[in-house]
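A.B. asks: To start, I am sharing the structure in question, which I have written as structure tokens.
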Amino acid sequence: MNQAPRIEHRPSVCPHDCPSACSLKVEVIDGRTIGRVHGAQTNRYTAGVICAKVARYAERIHHPDRLLHPLKRTGPKGSGQFERISWDEALDIVARKFLEAERDFGSESVWPYYYAGTMGLVMRDGINRLRHAKNYSGQYSTICTAMAWTGYVGGTGKLAGVDPREMAVSDCVVIWGTNPVHTQVNVMTHAMKARKERGAKIVAVDIYMNATMKQADMALLVRPGTDGALACAVMHVLFRDGYADWDYLKRYTDHPRELEAHLRTRDPAWAASITGLTVGQIEEFAKLVGETKRTFFRLGYGFGRQRNGVVNMHAAASIPAVTGAWQYEGGGAFHNNGAIFHWNKSLIEGREDADGSIRSLDQSQIGRVLTGDREALYGGPPVKALLIQNTNPISVAPEQELVKRGFAREDLFVCVHEQFMTETALMADIVLPATMFMEHDDLYQGGGHQYFQLGLKLIDAPGECRSNHEVLQGIAKRVDAKHRGFGMTPREIIDWTLQNSDWGTVENLEEQVHIDAQPPFEQAHFLDGFGYPDGKFHFKPDWTKVPSYNNGPMGPWAEMPSLPDHWAVIEETTHEHPFRLATSPARQFLNSTFTETPTSQAKERRPEVMIHPLDAEPQGIVDGDWVKLKNQRGEVYLRAQLFDGVRRGVLIAESIWPNAAHPYGRGINTLTGADQVAPYGGAAFHDNRVALEKAEPKPSTVPVATAKRERTEPVVG
Ligand SMILES: Nc1nc2c(c(=O)[nH]1)N[C@H]1C(S)=C(S)[C@@H](COP(=O)(O)OP(=O)(O)OC[C@H]3O[C@@H](n4cnc5c(=O)[nH]c(N)nc54)[C@H](O)[C@@H]3O)O[C@H]1N2
Ligand SMILES: Nc1nc2c(c(=O)[nH]1)N[C@H]1C(S)=C(S)[C@@H](COP(=O)(O)OP(=O)(O)OC[C@H]3O[C@@H](n4cnc5c(=O)[nH]c(N)nc54)[C@H](O)[C@@H]3O)O[C@H]1N2
Ligand code: SF4
Ligand SMILES: [Mo]
């Protein structure tokens with residue numbers, strides 16, 4: 001008689017680069033296999049809800065294309081010709097190449113490069129321990145959070161805010177510059193609850209009628225990069241019509257009178273001409289916010305990815321300080337909770353060993369760095385060797401033409417530690433197979449909420465996969481990098497980190513599953529003062545001294561407006577480049593992750609660009625036609641998707657498809673720029689001027705899968 005396997009439900013946590021960090025309940029079928037992944041109810045923020053792509057994680061973890069063995073390149077770079085080698089041989093080669101680079105060009109010629117493919121603190125950040133122990137070049141991480149965090153913290157002085165669960169008890173939830181239906185589904189759970197139980201209004205501010213905008217009671221469709229103007233006009237009305245809370249302003253803000261005077265000329269008519277909204281829409285939004293004390297501003301990353309994104313984020317975050325909404329339950333703002341966990345990461349990252357004189361290279365400028373741009377290299381030695389974990393720069397980094405040229409360098413040694421043969425791994429000399437989150441132990445924190453949680457090993461990894469920590473241990477031993485962390489297990493590192501951050505032991509956390517780190521109401525609402533030493537919200541921050549994210553000012557920081565404003569530094573259209581392109585996130589992908597799973601591929605169908613029908617008409621472009629987008633950085637082919645939910649003159653390409661899904665292998669980041677956004681850098685992925693042209697690529701360059709796949713469902717809606 002056959003006995004059905006007994007399925008166990010084990011706790012875990014989603015490791016992906018998503019603010020939600022959902023608590024999971026995983027069906028473990030046997031020591032090597034999982035079934036469905038469910039949301040765990042015990043986490044009161046993620047509350048049992050997870051996205052579809054993670055629910056079907058079996059498709060990713062048991063994917064037939066997973067890397068299983070170390071590989072060594074045998075053909076030309078990028079040829080895909082590799083041979084299987086042993087772990088010892090692979091690590092010996094990596095170590096030899098790193099030692100050679102160090103000997104011939106100095107330690108800064110080795111660049112450990114990583115990002116947040118896993119958000120586990122040990123596996124994500126452990127690479128910095130190797131870096132610091134060896135004085136390898138630093139990485140200044142600008143690809144994601146630099147702009148949004150700076151803008152928010154510029155106002156509050158601290159990367160924290162109101163408990164995001166309070167969205168459910170607000171009377172108005174403003175979802176600004178984030179598309180949570182795609183990117184962090186749990187925001188919707190709480191906003192919808194507020195609507196259902198309290199009749200709360202949901203406002204969304206975005207640049208196209210995305211899935212979140214379609215669910216909003218008030219959808220404010222602004223021109224890209226104009227949120228500062230909208231926020232200023234809203235505050236103008238608040239001051240003008242007596243909605244400003246002067247008791248609050250006097251007690252909790254820095255220069256309210258100056259702000260009021262400055263905003264006198266920033267009226268709705270001024271903002272209408274910049275944002276493309278009507279005066280009526282702006283007045284209506286301002287009135288709603290003015291009359292609704294419990295207004296919750298859920299501020300996302302997306303609108304920060306503009307060259308004026310820091311100023312825009314700060315302007316939006318200033319609104320609740322004018323109405324005094326911060327004082328009320330369900331009122332105030334939230335962006336990210338980074339500051340509430342107070343981690344002591346010295347064991348994970350080995351920071352005490354860091355030599356302050358070592359350069360820190362801009363992550364987003366990897367193309368410039370690898371092609372020898374002197375400014376990007378800070379005048380120092382070339383980068384001769386890369387160790388890459390948890391990121392796929394050939395697809396995701398801006399200025400893709402430069403990135404590709406850099407990786408093609410014959411004199412550059414590249415080791416990529418990956419779960420799949422990504423486009424970056426394909427360019428490597430040595431490829432190492434990596435475990436997935438259910439195959440190793442790690443510690444995870446919420447970005448969009450306040451829990452932290454253990455994700456323990458649930459099943460054995462396939463083949464010879466090793467975790468990031470094991471790879472670092474193997475390299476450290478061979479290059480003589482000394483740090484006690486290399487001699488410890490992930491569990492021991494987690495335990496030390498918890499204890500030295502005042503969060504108890506690993507056993508305690510294991511027993512509790514997750515810990516709610518939410519600070520008390522008074523603190524979360526900044527009623528005991530904002531994060532700055534003067535305890536005030538700063539309408540007029542010193543942009544050269546924003547706490548928490550500072551590598552020294554860069555970009556055109558000296559020209560930043562001192563008070564909230566519309567700062568006209570975006571890539572405005574020109575006669576030659578009459579469209580503004582944004583590369584907003586696709587629902588079924590997570591950055592470049594899940595582009596390998598068949599269901600996500602089928603649902604996203606193919607790379608497309610949304611075009612307003614009236615913009616398509618003059619060139620006779622119809623749905624499904626090939627179009628070429630072009631700017632000073634390069635050109636990309638996609639299919640046209642006619643959609644009247646974008647503004648005239650705006651194009652949206654939901655991304656990030658593999659480059660190889662586009663004709664000529666040129667991906668969307670061919671068009672995006674790596675110039676540093678003021679004041680602390682960052683990549684303005686949604687701020688690109690382009691030309692649009694109906695154009696057929698050469699048939700031989702069209703990827704087969706893309707050519708064949710027919711539309712089965714609309715991408716939006
Ligand atoms: N499904 C899915 N989920 C993801 C990701 C993914 O790629 N796919 N990526 C993950 C990562 S790494 C991150 S950092 C988060 C990011 O998640 P979000 O905070 O949602 O930020 P973005 O994804 O950059 O963009 C969000 C929205 O901002 C809009 N936007 C762009 N420019 C402007 C502007 O000038 N003004 C306004 N008002 N809106 C603008 C875009 O059109 C988009 O709809 O999501 C994570 N979750
Ligand atoms: N055009 C455009 N480009 C963008 C963006 C955009 O909105 N538009 N968004 C930007 C943003 S916000 C971000 S954060 C970046 C993110 O870009 P990436 O850092 O590339 O993001 P991911 O796809 O999340 O993760 C990359 C890789 O990590 C691997 N990985 C996962 N877990 C592990 C592990 O435990 N060990 C190892 N060794 N590898 C692992 C995955 O297999 C995956 O290939 O992209 C940026 N690029
Ligand atoms: S919503 Fe985000 S955190 Fe939650 S399961 Fe999906 S990708 Fe993971
Ligand atoms: Mo990100």
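The values are calculated or read from the model by the stated rules, or taken from the named source; none is laboratory data. Values in this document were obtained by computation on a predicted structure and should not be read as measured data. Note that we place each Cβ from the backbone using ideal geometry, even for glycine, and neighbour counts take in every protein chain shown.
A.B. asks: Identify, from the list GLU329, GLU375, the residue that is in a loop (DSSP other than H, G, I, E, B) and outside the structural domain of PHE98 (by TED's automatic domain parsing).
C.D. replies: Numbers: GLU375 fails: outside the structural domain of PHE98 (by TED's automatic domain parsing).
Criteria check complete, one pass: GLU329.
A.B. asks: Modelled with pLDDT of 95 or more, crowded, with 21+ Cβ neighbours inside 10 Å, within 16 Å of ligand 4 (Cβ to nearest atom) and charged (D, E, K, R), is that true of ARG305?
C.D. replies: Working: modelled with pLDDT of 95 or more: yes; crowded, with 21+ Cβ neighbours inside 10 Å: yes; within 16 Å of ligand 4 (Cβ to nearest atom): yes; charged (D, E, K, R): yes.
Yes.
A.B. asks: Looking at the structure I just gave you, is PRO547 outside any helix (DSSP H, G or I), surrounded by fewer than 18 Cβ atoms within 10 Å (Cβ to Cβ) and not assigned by TED's automatic domain parsing to the domain that holds HIS255? Can you show your working first?
C.D. replies: Details: outside any helix (DSSP H, G or I): yes; surrounded by fewer than 18 Cβ atoms within 10 Å (Cβ to Cβ): yes; not assigned by TED's automatic domain parsing to the domain that holds HIS255: yes.
Yes; evaluated as a whole, the condition is true for this residue.
A.B. asks: Based on what the data block shows, is TYR444 hydroxyl-bearing (Ser, Thr, Tyr), in contact with a Phe, Trp or Tyr (Cβ under 7 Å, 6 or more places away or on another chain) and away from ligand 1 (no atom under 16 Å from the Cβ)?
C.D. replies: Details: hydroxyl-bearing (Ser, Thr, Tyr): yes; in contact with a Phe, Trp or Tyr (Cβ under 7 Å, 6 or more places away or on another chain): yes; away from ligand 1 (no atom under 16 Å from the Cβ): no.
Here the answer is no, as TYR444 does not meet what is asked.
A.B. asks: Another question about this same structure. For the list (1) part of a helix (DSSP H, G or I); (2) buried (at least 20 other Cβ atoms within 10 Å of the Cβ), I need the number of the one condition that ALA244 fails.
C.D. replies: In the conditions (1) part of a helix (DSSP H, G or I); (2) buried (at least 20 other Cβ atoms within 10 Å of the Cβ), ALA244 misses (1) alone.
A.B. asks: Where residues in the stretch 1-33 are more than 26 Å from ALA586 (Cα to Cα), modelled with pLDDT of 95 or more and of a type in the set (A, V, I, L, M), which of them is farthest from ligand 3 (Cβ to nearest atom)?
C.D. replies: Looking at residues that are more than 26 Å from ALA586 (Cα to Cα), modelled with pLDDT of 95 or more and of a type in the set (A, V, I, L, M), I get ILE29.
A.B. asks: Okay, moving on. Can you list the strands (runs of 3 or more DSSP E) found entirely within the stretch 404-509 that contain at least 3 residues being away from ligand 2 (no atom under 14 Å from the Cβ), farther than 30 Å from PRO382 by Cβ and not assigned by TED's automatic domain parsing to the domain that holds PHE98?
C.D. replies: Counting at least 3 such residues, we get 451-455.
A.B. asks: Any idea which of VAL622, VAL646, VAL627 is within 11 Å of ligand 1 (Cβ to nearest atom) and either out of contact with any strand residue (DSSP E or B) (no Cβ under 7 Å at 6 or more places or on another chain) or not assigned by TED's automatic domain parsing to the domain that holds MET209 (or both)?
C.D. replies: VAL646
A.B. asks: Something else: Checking LEU277 against (1) assigned to a loop (DSSP other than H, G, I, E, B); (2) away from ligand 1 (no atom under 16 Å from the Cβ); (3) farther than 28 Å from VAL122 by Cα: exactly one of these is not met. Which one?
C.D. replies: Every listed condition holds for LEU277 apart from (2).
A.B. asks: Taking the residues in the stretch 1-25 that are more than 16 Å from ligand 2 (Cβ to nearest atom) and touching a Pro at 6+ places or on another chain (Cβ under 8 Å) as candidates, determine which candidate is nearest to ASP163 (Cα to Cα).
C.D. replies: Residues of the stretch 1-25 that are more than 16 Å from ligand 2 (Cβ to nearest atom), as a first pass: 1-11, 23, 25.
Going one step further and asking which of them are touching a Pro at 6+ places or on another chain (Cβ under 8 Å), we end up with 23, 25.
Numbers: SER23: 17, LYS25: 24 Å.
Selected residue: SER23.
A.B. asks: Then there is this: If I go through the stretch 44-67 residue by residue, how many of them are away from ligand 2 (no atom under 14 Å from the Cβ) and touching a Leu at 6+ places or on another chain (Cβ under 9 Å)?
C.D. replies: 2
A.B. asks: Return the total of residues in the stretch 394-403 being within 16 Å of ligand 1 (Cβ to nearest atom) and either assigned to a helix (DSSP H, G or I) or in the same structural domain as GLN632 (by TED's automatic domain parsing) (or both).
C.D. replies: Of the residues in the stretch 394-403, 2 are within 16 Å of ligand 1 (Cβ to nearest atom) and either assigned to a helix (DSSP H, G or I) or in the same structural domain as GLN632 (by TED's automatic domain parsing) (or both).
A.B. asks: Mind listing whichever residues of the stretch 550-597 are assigned to a loop (DSSP other than H, G, I, E, B), of a type in the set (Asp, Glu) and over 23 Å from THR178 (Cβ atoms)? Working first, answer last.
C.D. replies: From the stretch 550-597, those assigned to a loop (DSSP other than H, G, I, E, B) are 550-556, 560-578, 583-584, 586-589, 591-592, 594-597; that's our starting set.
Remaining after also requiring of a type in the set (Asp, Glu): 565, 571-572, 576, 596.
GLU572, GLU576, GLU596, listed by residue number.
A.B. asks: Looking at the stretch 138-238, what strands (runs of 3 or more DSSP E) fall wholly within it and have at least 2 residues that are more than 16 Å from ligand 4 (Cβ to nearest atom), in the same structural domain as ASN312 (by TED's automatic domain parsing) and crowded, with 24+ Cβ neighbours inside 10 Å? So that I can check it myself, show each step before the final result.
C.D. replies: Details: elements: 138-140, 172-176, 201-206, 218-221.
Because the criterion is at least 2 residues that are more than 16 Å from ligand 4 (Cβ to nearest atom), in the same structural domain as ASN312 (by TED's automatic domain parsing) and crowded, with 24+ Cβ neighbours inside 10 Å, the strands (runs of 3 or more DSSP E) in the stretch 138-238 that meet it are 172-176, 201-206.
A.B. asks: Given (1) within 30 Å of TRP543 (Cβ to Cβ); (2) within 16 Å of ligand 3 (Cβ to nearest atom), where does HIS190 come up short, assuming only one miss?
C.D. replies: Condition (1) is where HIS190 drops out.
A.B. asks: Now for a separate question. Taking the conditions exactly as written (among the charged types (D, E, K, R), more than 13 Å from ligand 2 (Cβ to nearest atom), at pLDDT 95 or above and surrounded by 22 or more Cβ atoms within 10 Å (Cβ to Cβ)), does GLU100 satisfy them or not? Steps first, please.
C.D. replies: Working: among the charged types (D, E, K, R): yes; more than 13 Å from ligand 2 (Cβ to nearest atom): yes; at pLDDT 95 or above: yes; surrounded by 22 or more Cβ atoms within 10 Å (Cβ to Cβ): no.
The answer is no for GLU100.
A.B. asks: Here is a list: LEU387, LEU377. Which entry is more than 22 Å from TRP496 (Cβ to Cβ) and crowded, with 22+ Cβ neighbours inside 10 Å? Quick ask: steps written out before the conclusion?
C.D. replies: Details: LEU377 fails: crowded, with 22+ Cβ neighbours inside 10 Å.
After applying the criteria, what remains is LEU387.
A.B. asks: In the stretch 18-59, which residues are part of a loop (DSSP other than H, G, I, E, B), within 16 Å of ligand 1 (Cβ to nearest atom) and touching a helix residue (DSSP H, G or I) at 6+ places or on another chain (Cβ under 9 Å)? Explain how you work it out, then say what you get.
C.D. replies: Here is the first cut: in the stretch 18-59, the residues part of a loop (DSSP other than H, G, I, E, B) are 18-22, 31-32, 40-51, 56-57.
Keeping just the survivors that are within 16 Å of ligand 1 (Cβ to nearest atom) gives 18-22, 45-46, 49-51, 56-57.
CYS18, PRO19, SER20, CYS22, TYR45, THR46, VAL49, ILE50, CYS51, ARG56, TYR57 - these are the residues of the stretch 18-59 that are part of a loop (DSSP other than H, G, I, E, B), within 16 Å of ligand 1 (Cβ to nearest atom) and touching a helix residue (DSSP H, G or I) at 6+ places or on another chain (Cβ under 9 Å).
A.B. asks: Could you go through the stretch 333-354 and let me know if any residue there is within 16 Å of ligand 2 (Cβ to nearest atom) and in contact with an Asp or Glu (Cβ under 6 Å, 6 or more places away or on another chain).
C.D. replies: Kept after step one, since they are within 16 Å of ligand 2 (Cβ to nearest atom), are these residues of the stretch 333-354: 335-336, 338, 348.
If we keep only those that are in contact with an Asp or Glu (Cβ under 6 Å, 6 or more places away or on another chain) too, we end up with 348.
Yes, the stretch 333-354 contains at least one residue that is within 16 Å of ligand 2 (Cβ to nearest atom) and in contact with an Asp or Glu (Cβ under 6 Å, 6 or more places away or on another chain).
A.B. asks: Criterion first (within 16 Å of ligand 3 (Cβ to nearest atom) and of a type in the set (Phe, Trp, Tyr)) does TYR301 satisfy it? Walk me through it before giving the result.
C.D. replies: Details: within 16 Å of ligand 3 (Cβ to nearest atom): yes; of a type in the set (Phe, Trp, Tyr): yes.
So TYR301 fits the description; yes.
A.B. asks: Cβ-Cβ distance below 8 Å, separation of 6 or more or different chains: which pairs start in the stretch 140-164 with a residue that is within 16 Å of ligand 3 (Cβ to nearest atom) and end on one that is among the acidic types (Asp, Glu)?
C.D. replies: Between residues of the stretch 140-164 that are within 16 Å of ligand 3 (Cβ to nearest atom) and residues that are among the acidic types (Asp, Glu), the close pairs are CYS144/ASP17.
A.B. asks: A follow-up question, please. ASN591 versus (1) at negative phi; (2) within 23 Å of the chain's Cα centre (by Cα): which is the lone unmet condition?
C.D. replies: Only one criterion is unmet by ASN591, namely (1).
A.B. asks: Counting only residues that are more than 28 Å from ASN390 (Cα to Cα) and not charged (D, E, K, R), how many does the stretch 571-630 have? Give the steps one after another, and end with the answer.
C.D. replies: Residues of the stretch 571-630 that are more than 28 Å from ASN390 (Cα to Cα), as a first pass: 571-580, 610-630.
In the following step, the residues that additionally are not charged (D, E, K, R) were identified as 573-575, 577-579, 610-614, 616, 618-622, 624, 626-627, 629.
Number of matching residues: 21.
A.B. asks: State all residues of the stretch 2-17 that are within 16 Å of ligand 1 (Cβ to nearest atom) and either over 25 Å from the mean Cα position of the chain (by Cα) or acidic (Asp, Glu) (or both); if no residue qualifies, say none. Walk me through it before giving the result.
C.D. replies: Restricting attention to the stretch 2-17, the residues satisfying the condition of being within 16 Å of ligand 1 (Cβ to nearest atom) are 13-17.
ASP17 - this is the single residue of the stretch 2-17 that is within 16 Å of ligand 1 (Cβ to nearest atom) and either over 25 Å from the mean Cα position of the chain (by Cα) or acidic (Asp, Glu) (or both).
A.B. asks: Report the residue count in the stretch 167-186 for those that are over 11 Å from GLY300 (Cα atoms), within 9 Å of ligand 1 (Cβ to nearest atom) and touching a strand residue (DSSP E or B) at 6+ places or on another chain (Cβ under 8 Å).
C.D. replies: Qualifying residue count, the stretch 167-186: 1.
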